[in-house]
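The values are calculated or read from the model by the stated rules, or taken from the named source; none is laboratory data. All values derive from a computational prediction rather than experimental measurement. We place every Cβ from the backbone using ideal geometry, glycine too, and count neighbours over all the protein chains shown. With ligands, DNA and RNA removed, areas are computed over all heavy atoms of the protein, side chains included. Shrake-Rupley method; radii C 1.70, N 1.55, O 1.52, S 1.80 Å.
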Amino acid sequence: MTGTALRMPALLVIGFLVAMVIAAILLAGADPASVAYGIIERALFTRAGLLEALLRAIPLTIMGLGIAIAFKARIFNIGMDGQLIAGSVLAVVAAPLLPGNIAGIVFFLALGFLGGAVWGGIAGVIKARFGGNEIIATIMLNYVAVQLLSWLVRGPLQEKMKIIPRSDAIDQALRLPVLFDGTRIHAGLIVAILAVAIVALVMLRGRFGYRLAVVGANDHAARYAGISPAWMAAAVLILSGALAGLAGAVEVAGLYGRLQEGFAPGFGIAAIAVALVARLNPLLVPVSAFGFSLLYSGLGALARNGVVPFPLINILEGAIILVFLAATVALRHGGGQTREAPESGARADG
Amino acid sequence: MTETGSVPLVALRGVTKRFGDVVANRAVDLEIGRGEVIALVGENGAGKSTIVNMLSGVFPPDEGTIEIDGAATGFTGPAASVEAGIGVVHQHYMLVPTLTALDNIALQASELGLWKIDRRALGDRAGAVAEALGFRFDRDQRIDSLDVAHQQRIEIIKALIHEVRLLVLDEPTAVLGADDKARLFDTISGLKRQGVSVVLITHKLEDIFAVADRAVILRNGAVAADLPVKDLSPETIVTHMVGSDAEARSELEIQPETVHPEHPVGEAVCRVRDVTLRRPNGSVAVSGLSLDLHAGEIVAVAGVDGNGQSEFVHCLAGLQRPDEGEIDCLGLNSRARTWSPARLRRAGVSHIPEDRRHSGIVAEMTLAKNYLLSHLDRPDVFRLGLLRNHHLGQVVDGLLNAFKVRAPGSGALMKTLSGGNQQKIVLARELDGDPKLILATHPSRGLDLNTIAFVHKTLEQTRDAGKAILLLSSDIDEILKIADRIIVFAGGRTFGPAPCRDLTRQTIGAWIAGHEDIEA
Amino acid sequence: MDEVVFLSGLLAAGIRLAAPIALAAIGETLSQRVGVINVGIEGIMLVGAFIAVLLAVQSGSPWIGLLGAILAGIAMASLHAYFVVTLKTEQIVTGIALLFLGLGLSGYGYRLTLGELGAAVKVPGFRELDILGLADLPVIGPILFGQHALVYLAVASAIAMAWMFRATRLGVIIKAVGETPAAADSAGIHVDRVRFLCVLAAGGFAGAGGAFLSTAHLWGFVENMTAGRGFLAIACVVFARWNPVLAVLVALVFGIADAAQIRLQSIFPAVPYQFFVIAPYVVAIVSLAVGSRSSRMPAALGLPFAKPR
């Protein structure tokens, strides 16, 4: 079947998904049009909403880049939440040793990068060395990281007062400075922009980016060309984990100033939606991240006012990914795909 | 053979099939009589496979009808074709490698329903079919433990498990050795005696003369000739296949035994010593393999597919290591940690993979990016670690010209090119950049005659420029045409290496079949 | 004797904890055998868990709840099947979308219905059976005769599925479709139809797994209550080499690890409880490292089938 033959079925399911979202809003006793308007109004036309979105877009951009790298190589890293925790924990643990100046900040972020790399690297080793499925590995590591954080903020890292399960605040000098007075927009914005630039150069113009694209498109051809898919899998998991860890360190240094449970909730899977909608293009990731952040800030306000329950956001994320997938099918021109089942498995020369 | 006046078993009347803008079959008329053996001949892309697919119900014709016993039929799918008594053995066997022979047959036998399989009854049924054909049939053998010839026999049993009146064999001889080929022809003759019609799709002239009653020659999707075999000669068949294009034909001149001029042979670039190779399922494919590859020669590796040739090339490419023995190649040793595709490529080994689509190209990428696959270390296409897209495009455009690739430019996506042009790009890519040893596996398989001639000429020029070439081929004509020496893998051992000019077709055929030699 | 009681209690609880994972794993085995991986079963389980509670409360019968959960699971899976089989989209990405949807639909639905009523809702859940009155037998009683009906159904369906793969032509078809779809197609089998139906059935199993969680194991729904069990189920399938009976046994290992961590917490109060909570996940990670190398997955797993043109 060619792409065009699937156009109608694809459009049909897009219609179904839109209807489903509208039905969900109606079931909550809300008016879909006013919900949509409410989201847009809050997110785009209020200062608070815009700033909130920009703030959230910082970690989502950095993590979305990590997902773009991994998914481009067809390595499905679902473990960014765990890698984010690992990065921020390492950074906070080592924070007392860091100098209280700009170099300290750089070290702090680098430690976050490193921590995430280690956590991603565990899945990388399991994948590269033992052939273990990275989806399962990264998800299991998420649960482990969440529990370890829970222990740390109640045990060894708990604040001196021993009341609230959280760590002591890091040195004020290690905090990312606020860029614009009167807002909470911090220097993490610069980190995110730099990350976009570097990742875009690496993915679109670098040898490494080329290798990961080949591995993702045809791992047999990669092997024949001397690119080791196993090595690439490990490298990609380390790198995308590192970006998640960096995002964690940015969140700690930019917003919270300390470790606590449940910060950056669900960012790891939100980043997947971000990267998929950006079509894994690093230059589009910040746009997509900002778009999703607007949705969060707009919908969050509506949810707080009791208009619709907040989990609508997850329904929207799921529906948006599916609509994108269906739209890709609908827009595909004729031509076939390369990734399909083997024509025959029974050739002895296979 | 058709008795005039009687209704043909199967007839195609004015059948046309298009794929997008491409016309695969154009107003094809074809009658198949009872008990008749028809050879369907033509170049790649002449429309043979499309006819097979329509006969087996994979897709319907756009125009025209298929008649069975004189009545027009519209196949709704493969099942309807089976019901009509048409059995097909596809070129790529339709077998599930992880299932047993019997379960593969059960897959086809829809009359068994969905529930419990009576394996004893089915085994007896299949055994009876096998016996009638003179095959030995081990029902519990897994398909992936069989060589291609045995797999083909399972395919034929599978097709004949139902009442079959027409058996279609798509390129059945392409992968067979001389012995197995002779046995297949016996089987075909046996079927003919039982009144079964056979359509034999082939591009080998010898097959036509061996078994066929009538030859139908396709060119550009249309029937170019439909004549009794006794009225045909090899020359007339070739003329019908390629048309009157004199230039095309001149490149196809059939050269029975080429005279090999002496080449100055250089030093050994690769030494293979006492190597044993195993198949993926652990059985020994070949043992005691020793061979030197020298600069300035083409050494052919031949044999029935599945006898270790692929594993051998994979070893030389660094994709695997010998199970026993060792290989020294351009300063690298197969026992060392450094034996990897990347290191061997850097040392000067280039590799034209046997399955282009599977491992030779990235279909979704541009031609330029596909070139990069083997030239990521080329210093001039990167500056400060960043790809110089424009420069790379110029380099690749130059190669496209040199190799006469029909493509809009280096920015085109690989998947938009025809198979022959894709193969030319792989060839161009692997020969560029001064390789020392070229592993050319089935470099001409699946290509049309003109492209094959081009590939052969290019390989010969490369050899004359002082490169070592390992040619893996199952085509004796190709080997005799361009190779200097040959080694044959058969039944776990090797024959040769020996200079091609000292050998006859018959000797090579005997070796491939696993015999020492036949007295001439 | 205390040790024996402890162990039998551990095993019985382990079975209870394993059951939802096992049910989902049985379904996922079927799905992967035909070549479709569904990483969204976590989302399907959540929807199943929510629907089971909702319908049980409204009808007063957990069986109605179970039926609803199975149907909801099939409905969710039909979306997956429509995308990956009909539209031939990337299976992993589609599964991730399904995870979002399941998370959202269950949480959203819960907040609109039962969540409004707070903890006051009484959920009519499943009770353990007492087969032939033998559940009170020491040691083996609670293990063999005192489980939930769904546990027995899970074991029975795993055995039935294993038999189907071995002995029936349907099993041959399923294996062929997941291994070499082109061969199945040329044998006249509708590859996409087989895949679609098996994915639906897998959704039903995942829905039942969710129902077990919210109407048998616990009596009530909590947002995101599956806590990774859907993913553990996928891990089970891989460790069990796509064998449904082995998948149930692997699920049992996870269940026992889970039951053990709860007990160990009370035995070793000095050790932070989090270290016990991570036990099943660590077991999964270690077995992933140890058990993956030699496994051979269905050759066409994750790959769409395009009919030859």
Legend entry - Per-residue average of Cβ from other chains inside 10 Å of A:72-78: 2
Legend entry - Accessible-area composition of the stretch A:1-81, carbon plus sulfur, in percent [1.4 Å probe]: 72
Legend entry - Computed E for residue B:401/residue A:220 - FRET, C-beta separation, R0 30 angstrom, nearest 0.05: 0.55
Inset, instruction - State, in square angstrom and to the nearest 100, the accessible area buried between chains B and A, both chains counted, probe radius 1.4 Å. - result: 3100
Legend entry - For the stretch C:193-309, size of Cβ-based charge dipole, Lys and Arg +1, Asp and Glu -1, in debye: 700
Legend entry - Quarter of the Cα convex hull surface for the protein assembly as shown, i.e. its orientation-mean projected area (nm²): 50.5
Inset, instruction - Can you figure out the FRET efficiency of residue A:310 with residue B:333, using R₀ = 56 Å and their beta-carbon distance, to the nearest 0.05? - result: 0.35
Inset, instruction - Express in Å², to the nearest 10, the accessible area of residue B:142 obtained by rolling a 1.4 Å probe over the protein heavy atoms while all chains stay in place. - result: 100
Inset, instruction - Please give the length that would be gained between residue A:46 and residue A:23 if that part of the chain were fully extended, namely 0.36 nm times their separation in residues minus their C-alpha to C-alpha distance (nm, one decimal). - result: 5.5 nm
Legend entry - Lys, Arg +1 and Asp, Glu -1 on Cβ, resulting dipole of the stretch A:37-150 about Cα centre, debye, nearest 20: 220
Inset, instruction - Hey, can you grab everything whose amide H is under 5 Å from the amide H of residue B:278? Only 5+ residues off in sequence or another chain; H modelled, so Pro and N-termini drop out. - result: B:285, B:323
Legend entry - Protection-proxy order for peptides C:175-181, A:171-177, A:311-317, each taking the mean of Cβ atoms within 10 Å per residue, highest first: C:175-181, A:311-317, A:171-177
Inset, instruction - Return, in residue-number order, each cysteine of chain B whose C-beta is not under 4.7 Å from any other cysteine's C-beta. - result: B:315, B:500
Inset, instruction - Counting only heavy atoms of the protein chains, get the accessible area per residue of the stretch C:1-114 (1.4 Å probe) and round it to a whole Å² value. - result: 26
Legend entry - Number of partner chain Cβ atoms within 10 Å, mean per residue of B:378-388: 3
Inset, instruction - Find the accessible area per residue for the stretch A:86-188; the probe is 1.4 Å, ligands and nucleic acids are left out, and the unit is Å². - result: 45
Legend entry - Cα-projected label distance for residue B:326 with residue B:346, points at 7 Å along beta-carbon direction, nm: 2.1
Inset, instruction - Please report the relative contact order for chain B, taking Cα pairs under 8 Å with a sequence separation of at least 6, and give it as a percent rounded to a whole number. - result: 15
Legend entry - Vicinal HN-Hα couplings computed from phi for the stretch B:125-137 (Karplus, 6.51 cos²θ - 1.76 cosθ + 1.60; Hz; Gly/Pro x): 4, 5, x, 5, 4, 4, 5, 4, 8, x, 9, 8, 10
Inset, instruction - Give the accessible surface of the stretch B:36-107 per residue, rounded to a whole number of Å², with probe radius 1.4 Å and ligands, DNA and RNA excluded. - result: 28
Inset, instruction - Per residue of the stretch B:415-427, in order, report the coupling 6.51 cos²θ - 1.76 cosθ + 1.60 (Karplus, θ = phi - 60°) as ³J(HN,Hα) in whole Hz, putting x for Gly and Pro. - result: 5, 7, 8, 6, x, x, 5, 4, 5, 4, 5, 4, 4
Inset, instruction - With r as the distance between the Cβ atoms of residue A:11 and residue A:201 and R0 = 30 Å, compute the FRET efficiency 1/(1 + (r/R0)^6) and round to 0.05. - result: 0.20
Inset, instruction - With a 1.4 Å probe on protein heavy atoms only, tell me which residues of the stretch C:157-183 lose at least 40 Å² of accessible surface in the complex relative to the chain by itself. - result: C:167, C:169, C:170, C:172, C:179, C:180, C:182, C:183
Inset, instruction - Provide the buried accessible surface between chains A and C in square angstrom, both chains summed, 1.4 Å probe, rounded to the nearest 100. - result: 5100
Legend entry - Shielding score for B:354-363, defined as the mean number of other chain Cβ atoms within 10 Å: 6
Inset, instruction - Grab the DSSP H runs of chain B that are 4 residues or longer, score each as -39,500 (n - 2.57), total them, divide by all residues and round the 222 nm result to the nearest 500 deg cm²/dmol. - result: -9500 deg cm²/dmol
Legend entry - Spacing of the two label points (7 Å from each Cα toward its C-beta) at residue B:268 and residue C:4, in nm: 7.3
Inset, instruction - Would you mind putting A:141-149, B:451-459 in packing order, based on average other-beta-carbon counts within 10 Å, highest first? - result: A:141-149, B:451-459
Inset, instruction - Have a look at the stretch C:91-113 and report residues whose accessible surface goes down by 30 Å² or more when the remaining protein chains are included, against the chain on its own, probe 1.4 Å, ligands and DNA/RNA excluded. - result: C:92, C:93, C:96, C:97, C:100, C:101, C:103, C:104, C:105, C:108, C:111, C:112
Inset, instruction - Find the sum over both chains of the accessible area lost when B and C are paired, probe 1.4 Å, and report it in Å² to the nearest 100. - result: 2100
Legend entry - DSSP-defined antiparallel bridges as percent of all bridges, chain B, nearest 5: 55
